[in-house]
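See below for the structure under consideration.
Each value in this text was obtained by applying a stated rule to the coordinates, not by laboratory testing. This is a predicted model, so every value here is computed, not measured. Cβ placement follows ideal geometry from the backbone for every residue including glycine, while neighbour counts extend to all protein chains displayed.
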Amino acid sequence: MLNSDCNPASSTLTDLNLSIVKEISTLIDNSDFNEARDYLTSLSEQQIYDNTWDLCTYLFELLERPSDKLCNEYEIYSEDTLTHVAQYGNPREMLIIMLEQSDKFISDKAFAFHIKLFFIILKRLPLKASIITYIDDILSLLKCHLTTVELPKITNDFAGKDLLVFNHDYRVNKLLKLTQLYVDFICQLRDYFSTTPTINIVPILGKYLISVLQNPLSSLSYEPIDSQESSSFTLIRPLLDCLFTLNPNPLQFIDNKEDQSVFIYLVLTKKKYFSLLPCVYSPFFYLILSIPIIQQLSNDREQVMLTEKACVLVSTVCSWLRPNSEFNENSLNNNDLHTLIDTLKTCMVQSPARQYAPLTIGAYRSLFRSFDHFGRYTFLRQQIAKTSCNEDSYRTFLCSLLKDEFLYDYRSLSSEIYKGPSLFQLLDRLCNLPNGVESDLLEIYDCLCSTLNFIRFIGLIDKRGVNRTLLWTERLNRLNETFLKPLRKSIDLARAHYKLEIRNRKEDNKPEPMDTEILVDNKLLSMPSKQEQMETLHSAVTKFDILDCILSALTETFGGDL
Amino acid sequence: MPPTETNEQTTIKGEDISPAKDGGIIKEIIKEGHGDERPLTNDKVYVHYVGTLLDGTKFDSSRDRNQQFDFELGKGSVIKAWDIGVATMKRGEICRLTCKPEYAYGENGSGEKIPPHTTLVFEIELFDFVGEDLSEAKDHSIVRRTLTKGEGWAKPNDGATVEVTLKGTYQNQVFDERTLSFTIGEGFLQNIPEGVEHALTKMTKNEHAQLKLKSKATTGVEKFNIPANTPVQYDVTLINFEKAKETWSMNDAEKLEQAEVLKKRAGELFTGGHYQAAVKKYNKIGDYLQTANHESEDDKKKAQELKLSAQSNTALCYLKLNDYVECIRSCEKALELDPKNEKCLFRRGQCHLAMSNFEEALKDFHDVQKLNPSNSAAAQSIQKCRDQIKAYQQKEKQLYANIFAKMAKQNEKMEAQAATVEVTTNEENKEDQTTTTN
């Protein structure tokens, strides 16, 4: 087959390109770095422009070449000459090569150097709309490097000192240093393009700043330790400051809340930045804005740092709600509020980060108190109705809220919500044995105790002669028949069963053959010793005795009626 | 307007515009606006403002930020005083609102700038206001202006029964005027445009709104002989509605019951050829039963059957819609629940066949045959696959044969040309040798 390349001009150009690179590489191979430098700088601007592709290909490869010497001359030479090429070469070609070579982009020094080159190149590209695409590619590439930084782990049950150690870990510091370089680059771009109103890069810069907060910076902690500002937060302040210079109301950047959750958390929970927001937004606005964020951040409870942010955010926004007047019962038609309640419940009950549990309980109480009186009643009614019996701890919590509400209602003589049918509806939901006399009392123990105590409380506060709640005359009998009598029977059955079990184990000294095995990480979980098993059984019997005591107290309070 | 005296013995000029006439919001017009129009609830408004305390201390200013402030009116996004006060303004108007704490930040205050129980003063300039964009894509394909605010928070959800009055106009001509009831998600059965149905899920009871629809939101108006994608306007009043039960409010037994109801309705829609609507119903079954935790074995079994049937029928709907990718996806979900489900294996095979994935299709049909050797449809489909594979191979053979033939011809031509050049060069050289004597 004939050689189809018959154009003598292009072959001459190719030969020339190759000869320039060849000349440089020969000098480098002979370690004549100064001569090689002089050779490159002696080339005309046109020659550098025409040879950008080959020069960059060679020089970027040279940049990665290792050296035995203390001072890597290949690196020094490449950096100097690449900077020179960036200043005089074909910026588009150089940019393409740099973007294509992203897999070689592994050291932090290279990261910083690439930022320097990108800035030089961007300043030389024509000011057209397409430059925004280039900036997008560059920022995306640089961000990738940040996301590859390994971070230390922290356990779910961290305490103050653990967090201090975490915050000062060298890997965290490394990430923050690289982030600083990234932010500085964005600030440079902001300043440079601020003089070109036809090219609006503010949205793209804002997008990447917020995106870096989301990943990888979401894994860091920004909460104070012993009232001292977190070092991580100190180091990301420039990022937030930059955001505010891009848009004085950065809430306008929000378009996809789930990808912007860390940003929203920071802006709403850090006083300095919150005070920069417009002072006209309502607490309700901030609450609704935060709800999907709180839900998203608390979804993966293994990610402790995210749960921490969710807890702090929910505590903050709920504390702003006006007590007794923010919401009424109609507000409960707003599904967002139900999402928030469910999320709070999950955080309270299942959050592994124990130190943040009080925050979520406080937030729940703030949310609850923000409803007016009838709103709170409806809130409790709905929650009790939709919570199954096996969510014992949550039902117990609701019962405690109910008790407070009842007392408040009873004492304010004008309001009469907790009486008659409206009270009885709640009692019916609470006074419930899910499987009748065969219910597992230990599974619903806490709520049972709370419920019985609540009934007794009503009897103590609203005496027989007063009977404002109408409990004495209209509900006591039914309560006795449908709940208390079956409960007594259930206690007797359960106690007898456990006592029999105790007796059998005492009499039979042979080890019990195990018919089940529990494996954790492929290791057999050791079953409790016989003594531990006996203790558990005894403890169960004690609990039944306690229930009996409470029932006796109940009988005493209501006289012969129970 | 007569000045209003305050408890602090400071005279504040203006009119009390608070609903309770309790002096909570005093408005003084500094510069009159133009026109008669005022912003409506849900409108997006654009303002500049300066906020000060009673002693004149400035705590905030959009002018200092050099950026207009925008928000949606009447939604509680801003302090009460603003929702009430800005609604009374006209374009171009500048006013001063003096807001008691009850209409501002109350006993909590806000941040470090606004202490608790603080009266605030805002000087506000209203520049413009526009209807609310209700479209999911935020492309202004559904723009609402609320003419009469509705009641409460509740809005119709998917599956809710709504009673509405509507009037559609196109080029100032009324093309649709009626009062009717229908179920959200099934509005197409009664020629309700998609945009109207979507807007209803954002409306409250007794709300009267004007909707401007364009592009995809107008789907359905072509039934009124209006060209597709033509902008139209609808006046809609949501007279009443009954919400479909929300998932969170149902216990497991109720979810199971609702799932049965949905399955029945989905079947009816399928029979009527409304496959997309049927898919939505089947998907809802999946949502209901996903987190259900039934205690009785019967209920568990029922739930499993419903889930499987929903996935399988979803696959069939997609097959009818020729959406083979989604059909395969649904089949695979069903096969996760029941790996030996003949119908889903067969449907997946059909999809693969339609997409010319012959090997995958053959595998599925063979699997069906293994489960049920007497399945004649599978046998026929296997034969069809084989025929199609054969035809495809034949086609490829022909294609490559043509390519190679062309390449061979090209080579011959070039060789011939090369030979001609060589002969000419040799002849020239010969001539040189014979003519050159020195």
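Just a few scattered comments:
- Nearest-ten-degree value, helix B:376-435 long axis tilted from longest Cα axis of chain B: 70
- FRET E, pair A:Glu535, A:Leu470, Förster distance 51 Å, beta-carbon r, rounded to 0.05: 0.70
- Net charge dipole size for chain A [Lys, Arg +1 and Asp, Glu -1 on Cβ; Debye, nearest 20]: 2880
- Solvent-free Debye scattering, log10 I(q)/I(0), computed from the Cα coordinates of the range A:14-125 at q = 0.22 Å⁻¹: -1.32
- Size descriptor, Kirkwood hydrodynamic radius, that averages inverse alpha-carbon separations across the range A:411-514, Å: 16.1
- Rough spin-label spacing in nm, given labels placed 7 Å along Cα→Cβ, for B:Ala379 and A:Tyr49: 7.7
- If only the Cβ of Lys and Arg carry +1 and only the Cβ of Asp and Glu carry -1, the dipole of the protein assembly as shown around its Cα centre is close to 3080 debye.
- Placing R0 at 60 angstrom, the Cβ-Cβ distance between A:Ala129 and A:Lys485 gives a FRET efficiency of 0.15 after rounding to 0.05.
- Prolate/oblate/rounded label for chain B (Cα gyration tensor, a/c 1.5): oblate
- For the range B:92-99, the Karplus equation 6.51 cos²θ - 1.76 cosθ + 1.60, evaluated at θ = phi - 60°, returns couplings of x, 6, 10, 9, 10, 10, 9, 10 Hz by residue, with Gly and Pro reported as x.
- You can think of it this way: the chain between A:Asp38 and A:Thr234 has 66.1 nm of extra reach, that is 0.36 nm per residue less the Cα-Cα gap.
- Residue list for the range A:116-140, given a label point 7 angstrom along the Cα-to-Cβ vector of A:Thr148 and an amide N cut-off under 18 Å: A:116-118, A:137-140
- The orientation-averaged projected area of the convex hull spanned by the Cα atoms of the protein assembly as shown comes to 66.6 nm².
- For the range B:247-387: Kirkwood Rh in Å [reciprocal of mean 1/r, alpha carbons]: 15.8
- Using the Karplus relation 6.51 cos²θ - 1.76 cosθ + 1.60 with θ = phi - 60°, the per-residue 3J(HN,Hα) values for the range A:199-215 come to 10, 9, 9, 4, x, 5, 5, x, 4, 6, 5, 5, 5, 5, 4, 6, 8 Hz, with x marking Gly and Pro.
- If R0 equals 22 Å, the separation of the Cβ atoms of A:Leu493 and A:Ser526 corresponds to a calculated FRET efficiency of about 0.10.
- Note on A:Cys449 and A:Ser140: their simple-model spin labels are 5.8 nm apart, each label 7 Å out from Cα toward Cβ.
- For the range B:334-385: rounded, prolate or oblate by the Cα gyration tensor [a/c cutoff 1.5]: oblate
- When the alpha-carbon atoms of the range B:15-130 are used, the pair Rg, Dmax equals 13.3, 39 angstrom.
- Each of A:Leu547, A:Leu524 has some number of other Cβ atoms within 10 Å of its Cβ, and from fewest to most they run A:Leu524, A:Leu547.
- Exceeding the 21 Å Cα-Cα cut-off - candidates B:Lys263/B:Lys307; A:Lys116/A:Lys177; B:Lys138/B:Lys202; B:Lys343/B:Lys384; B:Lys343/B:Lys390; B:Lys320/B:Lys343: B:Lys343/B:Lys390
- Think of it as helices only: each DSSP H run of n ≥ 4 in chain A is worth -39500 (n - 2.57), and spread over all residues that comes to -21000 deg cm²/dmol at 222 nm.
- Figure legend: label point modelled 7 angstrom from the Cα of B:Asp287 along Cα→Cβ; residues of the range B:171-211 with amide N under 12 Å from it are B:185.
- Global size of the range B:90-145: 16.8, 43 Å for Rg and Dmax (C-alpha atoms, Rg to one decimal, Dmax whole).
- Acute angle (nearest 10 degrees) that the helix B:297-320 long axis makes with the longest principal axis of chain B, alpha-carbon atoms: 70
- Computed label-point distance, nm, for sites A:Ala553 and B:Lys44 using a 7 Å Cα→Cβ extension: 5.9
- Residue order, fewest to most beta carbons within 10 Å, for A:Glu73, B:Glu136: B:Glu136, A:Glu73
- For chain B, the longest principal axis of the alpha carbon atoms and the long axis of helix B:275-290 meet at an angle near 70°.
- Residues B:Lys409, B:Lys13 arranged by fewest to most Cβ contacts within 10 Å: B:Lys409, B:Lys13
- Distant-in-sequence amide contacts of B:Asp176, defined by a placed amide H-H separation under 5 Å and a gap of 5 or more residues or a different chain, comprise B:Gly168.
- Scalar couplings 3J(HN,Hα) for the range A:322-332, obtained by applying the Karplus form with A = 6.51, B = -1.76, C = 1.60 to θ = phi - 60°, are 6, x, 6, 9, 6, 10, 10, 5, 5, 4, 6 Hz; x denotes Gly and Pro.
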